[in-house]
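Peer 1: Sharing a structure below in structure tokens format, with a few things to ask.
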Amino acid sequence: MTAASSARMILNRLHEAMASRANAQRKLDQVVEIIGETLDSEVCSIYLLREGALELFATRGLNPDAVHVTRLAVGEGLVGTIAAHIETLNLAEAAAHPDFAYRPETGEDKFHSFAGVPIIYRERAIGALAVQHADPRRYEDVEIEALQTTAMVLSELIAHNGLVDEEYGREAETGPRMLEGLTLVKGLATGTAVFHQPRITIDHVVADDIEAERQRVYRAFDKMRDQIDALGSQPEFRNGGEHAEVLETYKMFAYDEGWGRRINEAIDSGLTAEAAIERVQQRTRMRMREIDDPLLADRMHDLEDLSNRLLRIVSGQLGTAATQGLRGDSILIARNLGPAELLEYDRRRLKGVVMQEGSLTAHVVIVARAMGIPVVGRVPNVMAQVSEGDEILLDGDKGSVTLRPSQSMGEVFDARFAKSRERQQAYAQMREVEPFTRCGTRITVNINAGLRDDMSMLAMTGADGVGLFRTEFQFLVSATLPQRERQMRLYRDVLDAAEGKPVIFRTVDIGGDKAVPYLQSDALDREENPAMGWRALRLALEREALLKAQARALLEASAGRTLNVMFPMVSEPWEFDAARQVFDDQIAFLKSRKKLLPEAIRYGAMLEVPALAEVLEQMVPRVSFLSVGTNDLTQFLFAADRANPKLAERYDWLSTPVLRFLDRVAKALVGQSIDLNVCGEMGGRRLEALALLGIGYRRLSITPAAVGPIKELIRKVDLAEITGAMQGWLANPPPNFRTALGDWADERGIEIE
């Protein structure tokens with residue numbers, strides 16, 4: 001039996017049951033019998049949310065005396081897990097699952113296999129539908145899809161009969177509350193809460209005319225594609241750039257035949273157009289929860305955005321907060337958000353975005369950063385805790401969101417906001433000021449960049465150049481491997497925008513935790529430690545065609561100019577030599593074609609693998625510069641994943657091991673004719689930058705927002721004083737380096753915040 005025919009059979013019988021004059025309880029009893037018979041299941045049970053717990057409402061196969069007796073908390077047992085995570089479970093041996101909870105009154109001892117799906121209403125789990133068998137086995141896809149279809153029909157019955165807590169999950173609080181999330185785009189903002197997407201109510205699940213529903217979907221697809229195509233005419237996309245490439249990838253999903261085919265299959269099973277889109281969307285959400293790869297998860301979010309758009313069109317419920325118009329300063333609340341949806345908002349009134357999901361590599365984050373809108377993501381259950389119109393304080397610097405702040409909280413935030421603006425104005429005035437120390441030493445302050453749009457920050461900050469241009473971003477936002485011509489255009493545009501200031505291009509650092517779907521490799525699959533895996537130069541040397549194309553693009557883009565190129569994740573000199581040889585081969589090729597070459601080429605390496613510090617004397621003759629990548633270096637030194645919050649306290653740049661390592665590197669290169677840079681977050685923090693100045697670092701490459709504060713710091717420092725203090729502490733470490741250095745700065749009137 002196909003998934004469509006199985007689902008259609010169930011839908012027909014369910015439709016008859018729903019049309020009967022029986023009460024709601026009797027209808028649920030009929031539903032479990034229908035499911036059990038159709039799927040030949042020994043057990044079929046429905047659990048519904050009542051008074052905060054999942055209550056067994058109907059069953060076929062379990063002890064009937066357990067009905068309205070057995071209750072599980074959300075998150076407790078397999079049923080509670082399904083509701084808590086809104087996920088499907090398919091288990092050959094239920095008792096082997098870590099969340100299994102035995103309930104003796106149900107008489108389920110003899111049943112081994114278990115499959116369950118959430119019953120979802122208004123994006124919340126209001127119950128679960130489960131089947132069980134005595135024989136240990138995993139359920140077929142056709143059976144799982146039949147359960148998912150049934151769960152959709154059940155949600156309509158349950159909601160209309162008031163069988164569950166109507167507003168489960170929505171906090172009834174009216175007082176202040178602070179929520180923690182992940183900083184996606186820095187900045188501060190205040191405004192009233194506006195939900196991005198009004199709830200779309202699906203009133204009819206079972207189709208009366210399948211062909212008519214199919215035509216409704218076809219018309220909706222045509223309209224949606226026209227809308228997406230029209231976005232390309234907006235000013236943000238006319239001059240190209242990474243966000244234009246994001247739109248191209250986004251359009252690929254809109255024209256994806258596989259997505260349309262899955263919706264058609266759902267209609268074949270007997271669902272209405274709205275219900276079919278929603279069922280496919282639910283399956284997408286469940287897959288998103290199972291995906292470890294952040295890039296692939298971001299692509300799934302784009303598909304979610306398009307599903308929302310398609311559902312609004314087909315249902316006729318076209319309004320979003322964007323189309324209805326923002327009435328004042330607003331903070332947008334969304335479970336997730338697509339780049340196209342963000343662009344529909346009035347930028348004068350949209351002050352910030354809070355998302356329940358989201359990640360640093362999400363396409364909407366790229367666009368928000370270009371628009372200058374602060375974003376906080378990964379805020380747990382935010383959709384249930386905010387009410388439309390709530391006042392919100394958004395702290396994109398700390399990754400926090402304050403709901404319904406008290407007057408005193410608002411005053412403190414406003415004061416901080418005002419002070420931040422004052423400081424930014426003061427730092428902006430330092431744009432033309434050169435960063436000399438009190439003792440007259442010129443410190444080089446560069447910015448880190450990765451987007452064409454970032455280059456405008458050179459003029460805005462007065463930075464000396466770009467100490468790190470991350471070339472991988474173009475690879476991460478592209479659906480396919482970027483062609484050499486596209487790469488060359490990007491690099492040429494970056495050099496043009498730099499207007500003669502130096503730009504150091506780091507060759508592509510992908511793989512590991514920055515996987516791309518178009519580069520498949522056995523070594524990339526399910527790596528236990530992706531940050532230390534097959535990534536960066538390791539991957540590029542294996543995929544030599546990738547590095548060849550990038551080398552040639554960089555060489556052609558830099559024709560007649562100086563090219564600064566840096567190789568990431570170098571562990572030993574031979575890796576640097578192999579990468580350099582790829583460039584030499586491309587130089588020879590271009591010479592044979594009488595192409596114009598760069599007037600000079602400076603090669604460098606990232607020092608982020610500790611092993612490279614043991615062979616510095618071998619690297620010195622090979623390179624023009626070395627750049628210490630403090631982010632990866634620190635996690636490698638401590639064997640502490642910097643993305644793991646449980647290890648956050650161990651990931652401290654101002655610790656004796658890190659500072660002694662950096663000090664040793666700096667001393668080893670004294671008197672050598674190579675530049676030593678630091679590029680990473682460490683150099684952009686005032687206290688950490690003070691430490692770096694004290695151990696001999698004179699070149700910093702930092703986030704553009706930190707240039708003003710670091711310039712101001714440099715002008716207050718006497719290098720002899722800080723060097724003496726640092727060398728004394730390195731020889732005899734204080735109990736807390738951070739405290740000691742902070743006290744030293746306070747005594748000299750140097751602000752460290």
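Peer 1: Which of the residues belonging to region 653-675 are closer than 14 Å to residue 693 by Cα, open to solvent by less than 80 Å² (accessible area, probe 1.4 Å) and in a helix (DSSP H, G or I)?
Peer 2: Result: 659, 662, 663, 665, 666.
Peer 1: Could you list, in sequence order, all residues of region 575-608 that are open to solvent by 20 Å² or more (accessible area, probe 1.4 Å) and farther than 15 Å from residue 556 by Cβ?
Peer 2: Result: 577, 578, 580, 581, 584, 600, 602.
Peer 1: Next question, about the same structure. Can you list residue pairs whose Cβ atoms sit under 8 Å apart, with the first residue in region 25-42 being open to solvent by 60 Å² or more (accessible area, probe 1.4 Å) and the second being in a loop (DSSP other than H, G, I, E, B) and at pLDDT 85 or above? Count only pairs 6 or more apart in sequence or on different chains.
Peer 2: 42/61; 42/111; 42/134
Peer 1: Working only within region 644-663, note down all residues that are under 19 Å from residue 606 (Cβ atoms) and modelled with pLDDT under 80.
Peer 2: Answer for region 644-663, where residues must be under 19 Å from residue 606 (Cβ atoms) and modelled with pLDDT under 80: just 651.
Peer 1: Going residue by residue through region 552-564, is there one that turns out to be open to solvent by less than 10 Å² (accessible area, probe 1.4 Å), modelled with pLDDT under 75, in contact with a Phe, Trp or Tyr (Cβ under 6 Å, 6 or more places away or on another chain) and outside any loop (DSSP other than H, G, I, E, B)?
Peer 2: Scanning region 552-564 turns up no residue that is open to solvent by less than 10 Å² (accessible area, probe 1.4 Å), modelled with pLDDT under 75, in contact with a Phe, Trp or Tyr (Cβ under 6 Å, 6 or more places away or on another chain) and outside any loop (DSSP other than H, G, I, E, B).
Peer 1: Looking only at region 342-393, which residues are modelled with pLDDT of 85 or more and acidic (Asp, Glu)?
Peer 2: 390, 391, listed by residue number.
Peer 1: Separate question: Are any residues in region 701-753 within 33 Å of the chain's Cα centre (by Cα) and of a type in the set (Lys, Arg), and if so, which ones?
Peer 2: Once the filter is applied, which keeps residues that are within 33 Å of the chain's Cα centre (by Cα) and of a type in the set (Lys, Arg), region 701-753 yields 711, 738.
Peer 1: Where in region 376-478 are the helices (runs of 4 or more DSSP H), entirely inside, with at least 3 residues that are open to solvent by 30 Å² or more (accessible area, probe 1.4 Å)?
Peer 2: Here the list reads 407-428, 456-461.
Peer 1: Take the residues in region 121-146 that are aliphatic (A, V, I, L, M) and in a helix (DSSP H, G or I), then tell me which one is modelled with the lowest pLDDT.
Peer 2: Filtering region 121-146 for residues that are aliphatic (A, V, I, L, M) and in a helix (DSSP H, G or I), the one modelled with the lowest pLDDT comes out as 142.
The values are calculated or read from the model by the stated rules, or taken from the named source; none is laboratory data. Keep in mind the model is a prediction, meaning the values are calculated, not measured. Ideal geometry is used to build each Cβ from the backbone, glycine not excepted, and the neighbour counts take in all protein chains shown. The protein model used for the area step is the full one, side chains on, heavy atoms only, and it has no ligands, DNA or RNA in it. Shrake-Rupley method; radii C 1.70, N 1.55, O 1.52, S 1.80 Å.
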